[in-house]
Amino acid sequence: MSAFVIVAGTLHFLIPAPFIKIVPDYLPAHALLVYVSGFFEILGGIGLLIPPFRRAAAWGLVALFIAVFPANINMAVNDIVLDGIPHIPLLYWLRLPFQAVLIAWAWWLSRPEPNPAAIT
């Protein structure tokens with residue numbers, strides 16, 4: 001997951017246009033929201049790699065995946081075409097339950113590490 005979110009977060013900075021395009025109109029400062037979400041994706045991905053920060057980073061990613069869900073809904077509902085990405089509306093809709101998979105994965109990573117001393 002760490003590599004996935006670091007790459008995704010980096011793309012928010014390298015090619016922000018597609019991310020900006022799917023931010024719902026009712027939200028302000030689309031570009032700023034894309035850069036902030038990208039920053040926190042990268043930060044979360046790095047945090048997953050550092051054991052003392054893993055749980056906090058995972059919970060942060062759960063919150064982030066929930067926060068960006070309206071953009072995914074907007075993309076599917078409004079059939080937003082993104083340059084360079086095949087226009088397959090079914091994939092837009094399949095992306096919605098995939099967000100639940102990402103949330104579950106991050107939640108799973110948020111669980112406390114088992115205490116080996118407690119297992120006897």
Within the group VAL77, VAL7, VAL34, VAL81, which residue is crowded, with 16+ Cβ neighbours inside 10 Å and aliphatic (A, V, I, L, M)? VAL34
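Just checking, does segment 49-71 include any residue being β-branched (Val, Ile, Thr) and touching a Lys or Arg at 6+ places or on another chain (Cβ under 9 Å)?
No.
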Assess whether ILE66 counts as being aliphatic (A, V, I, L, M), open to solvent by 70 Å² or more (accessible area, probe 1.4 Å) and either assigned to a loop (DSSP other than H, G, I, E, B) or on the phi > 0 side of the Ramachandran plot (or both). no
Limited to segment 10-31, what total is found for residues that are open to solvent by 80 Å² or more (accessible area, probe 1.4 Å) and either touching a Pro at 6+ places or on another chain (Cβ under 7 Å) or aliphatic (A, V, I, L, M) (or both)? 2
Can you tell me which residues in segment 21-62 are touching a Ser or Thr at 6+ places or on another chain (Cβ under 6 Å) and either part of a helix (DSSP H, G or I) or under 23 Å from MET75 (Cβ atoms) (or both)? GLY45, LEU48, ARG55, ALA58, TRP59
Which residue pairs have Cβ atoms under 6 Å apart, sit 6 or more places apart or on different chains, and have a first residue in segment 38-51 that is among the β-branched types (Val, Ile, Thr) and a second that is in a helix (DSSP H, G or I)? ILE42/ILE6; ILE42/GLY9
So, of the residues in segment 37-63 that are closer than 14 Å to VAL5 by Cα and of a type in the set (Val, Ile, Thr), which turns out to be most open to solvent (accessible area, probe 1.4 Å)? ILE46
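The values are calculated or read from the model by the stated rules, or taken from the named source; none is laboratory data. It should be emphasised that the depicted structure is a prediction, and the values quoted were computed from it without experimental measurement. FYI the Cβ positions are ideal-geometry reconstructions off the backbone, even for glycines, and counts take in every protein chain you see. The area values use the complete protein model at the heavy-atom level, side chains included, leaving out ligands, DNA and RNA. Shrake-Rupley method; radii C 1.70, N 1.55, O 1.52, S 1.80 Å.
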